[in-house]
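Just below is one structure, and these are the notes that go with it.
The values are calculated or read from the model by the stated rules, or taken from the named source; none is laboratory data. In this text, all values refer to a predicted model and were calculated from it rather than measured experimentally. In this analysis, Cβ positions are derived from the backbone assuming ideal geometry, glycine residues included, and neighbour counts consider all displayed protein chains. Surface areas here come from the heavy atoms of the whole protein model, side chains and all, with no ligands, DNA or RNA. Shrake-Rupley method; radii C 1.70, N 1.55, O 1.52, S 1.80 Å.
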Amino acid sequence: MSMNFRLPGPTPLPPQVLTALGREMIPHRGPAFRALYSETLDLARKMHRTDGDVLTWAATGSAGWEVAVVNLLSPGDPVLIAVNGNFGERFAGVAGRFGIDVRRIDIPWGQAVQPGQLRLALEEHPEVRAVFLVHNETSTGVTNPLRELAEVVRDHGALVVVDAVSAAGALPLEVDAWGIDFVFSGSQKAWMCPPGLLIVAAGPRAWAAQQRSTYQRFFWDMGEAKKWADQGMTPTTPPLSMIYAFRAALGMVADEGLEQVWERHRRLGVMTRAGIAAAGLRLFAPLGFESDTVTAFLPPPDVTAKQLLEMLRRDYGVEAQGGQAHLADLLIRVGHMGWVHEPEMRQAIDAIADACIRLSSAAAGEPEKLEPLQSRTVTA
Ligand code: PLP
């Protein structure tokens, strides 16, 4: 049985990326690396739809929160953070640790942040210097309406700072056109690479804020990263294999076409939700704000998330994930971002439907009626 790796990250690696990862080392101050890194950053700019700067660090997505805080702000700065899931919560937690004066909009987990709520919160806290938003709440499968939210923040004048870890490279994201000042993502989601590369895009207002920031910083210093990036290098030894991999993945996105990649994710999102709903299962995200990179749903009554996840893994080779924090045992999350196509999603959906029938029958005390659908294979 082949495995169908459907976590909301890390995501499966395409052969082009696996090959790139196997490449030999090169001198990181030499011409070959400088050409490679410059080309990689140019492509990454295109994939973010920005003429601003793209920078990378050897780090996972979480470092993006810290890079944002220590470069764009100073201790005590008031910042508004919209929290509608576990990642917004963590964003707020990191800012709090750095002595930021955190003002929160708390929205029940599973709902989206609405522009009207943000407008009201900004009227209540007009002094905030930045607003932190999570584009796609991976913990609940909810996509926030980033374009509209960014517009509200721009009207107010605060910086627009975005965690797009499970969105960039899969969901429409127009950094310049939407007025986003700072956005970060991680290599292991839609970028189809292993975990280990943080990708940041920063525009002119972010650089102006960086000039004012009084935080001490070394590894996460954007100014230093830019100084070196402008010469095709990084301040420290770069994670060479990750740069090879990211370059290969960006090439794949360019070949397919960024808008076609967005469209593929949209189709996969629609198809996944339709399949889950047809199996009689309840989707967690509200209509219109469902994520096209991760679908969260509730297991049938009398069936626990743990039971379903175990059966999916054991009998169908489908590796999905539960919820997070207080939703840990209540939700199932299925990833469909990055290197993913219809056949894998069809197999995953069929497996979920089949497993739910078997588990529900067992919970009702009925003898098991169905054998697992062993014959279905993943062909992509
Ligand atoms: N932000 C979001 C929206 C995420 O989904 C994740 C990881 O799943 C992170 C931040 C943290 O990224 P990492 O686990 O790569 O540090």
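Here the stretch 69-113 is the region considered, the condition is being more than 20 Å from the chain's Cα centre (by Cα) and β-branched (Val, Ile, Thr), and the residue that is farthest from residue 215 (Cα to Cα) is 105. Scoring residue 31 on the criteria (1) more than 18 Å from residue 253 (Cα to Cα); (2) within 16 Å of the ligand (Cβ to nearest atom) leaves a single failure, condition (2).
Screening the stretch 336-372 for residues that are open to solvent by 70 Å² or more (accessible area, probe 1.4 Å) and assigned to a helix (DSSP H, G or I) and picking the one that is nearest to residue 193 (Cα to Cα) gives 342. Counting the residues of the stretch 217-238 that are in a helix (DSSP H, G or I) and open to solvent by 50 Å² or more (accessible area, probe 1.4 Å) gives 4. If only residues of the stretch 59-82 that are small (Gly, Ala, Ser) and not in a loop (DSSP other than H, G, I, E, B) are counted, the one that is surrounded by the most Cβ atoms within 10 Å (Cβ to Cβ) is 68.
Among the residues of the stretch 230-283, just one is of a type in the set (Phe, Trp, Tyr) and farther than 30 Å from residue 24 by Cα, namely 262.
Sort out which residues of the stretch 154-192 are more than 12 Å from the chain's Cα centre (by Cα) and open to solvent by 20 Å² or more (accessible area, probe 1.4 Å), and write them in order of number. Result: 154, 155, 156, 157, 172, 174, 176, 177, 178.
Tell me, yes or no, whether the stretch 45-58 has at least one residue that is within 12 Å of the ligand (Cβ to nearest atom), crowded, with 20+ Cβ neighbours inside 10 Å and not assigned by TED's automatic domain parsing to the domain that holds residue 325. Within the stretch 45-58 (the criterion being within 12 Å of the ligand (Cβ to nearest atom), crowded, with 20+ Cβ neighbours inside 10 Å and not assigned by TED's automatic domain parsing to the domain that holds residue 325), the answer is yes, since at least one residue qualifies. The strands (runs of 3 or more DSSP E) found entirely in the stretch 83-170 include none that carry 3 or more residues being of a type in the set (S, T, N, Q), at pLDDT 95 or above and within 16 Å of the ligand (Cβ to nearest atom). The set of residues from the stretch 255-299 being over 19 Å from the mean Cα position of the chain (by Cα), under 29 Å from residue 45 (Cβ atoms) and assigned to a helix (DSSP H, G or I) comprises 255, 256. The lone criterion from (1) away from the ligand (no atom under 16 Å from the Cβ); (2) assigned to a helix (DSSP H, G or I) left unmet by residue 214 is number (2). The residues on offer are 250, 308, 268, and the sole one that is touching a residue at least 24 places away in the same chain (Cβ under 8 Å) and closer than 30 Å to residue 366 by Cα is 308.
Quick one: would you say residue 5 is within 16 Å of the ligand (Cβ to nearest atom) and under 19 Å from residue 167 (Cβ atoms)? The answer is no for residue 5. Conditions: (1) more than 10 Å from the ligand (Cβ to nearest atom); (2) open to solvent by 10 Å² or more (accessible area, probe 1.4 Å). Residue 195 meets all but one. Number of the miss? The one condition residue 195 does not meet is (1). Across the stretch 316-335, the number of residues qualifying as open to solvent by 20 Å² or more (accessible area, probe 1.4 Å) and in a helix (DSSP H, G or I) comes to 2. Report whether or not residue 38 is more than 16 Å from the ligand (Cβ to nearest atom), in the same structural domain as residue 229 (by TED's automatic domain parsing), surrounded by fewer than 23 Cβ atoms within 10 Å (Cβ to Cβ) and at pLDDT 95 or above. So residue 38 passes the test. Within the stretch 239-290, if we keep just the residues that are among the β-branched types (Val, Ile, Thr) and open to solvent by less than 50 Å² (accessible area, probe 1.4 Å), the residue that is farthest from residue 19 (Cα to Cα) turns out to be 276.
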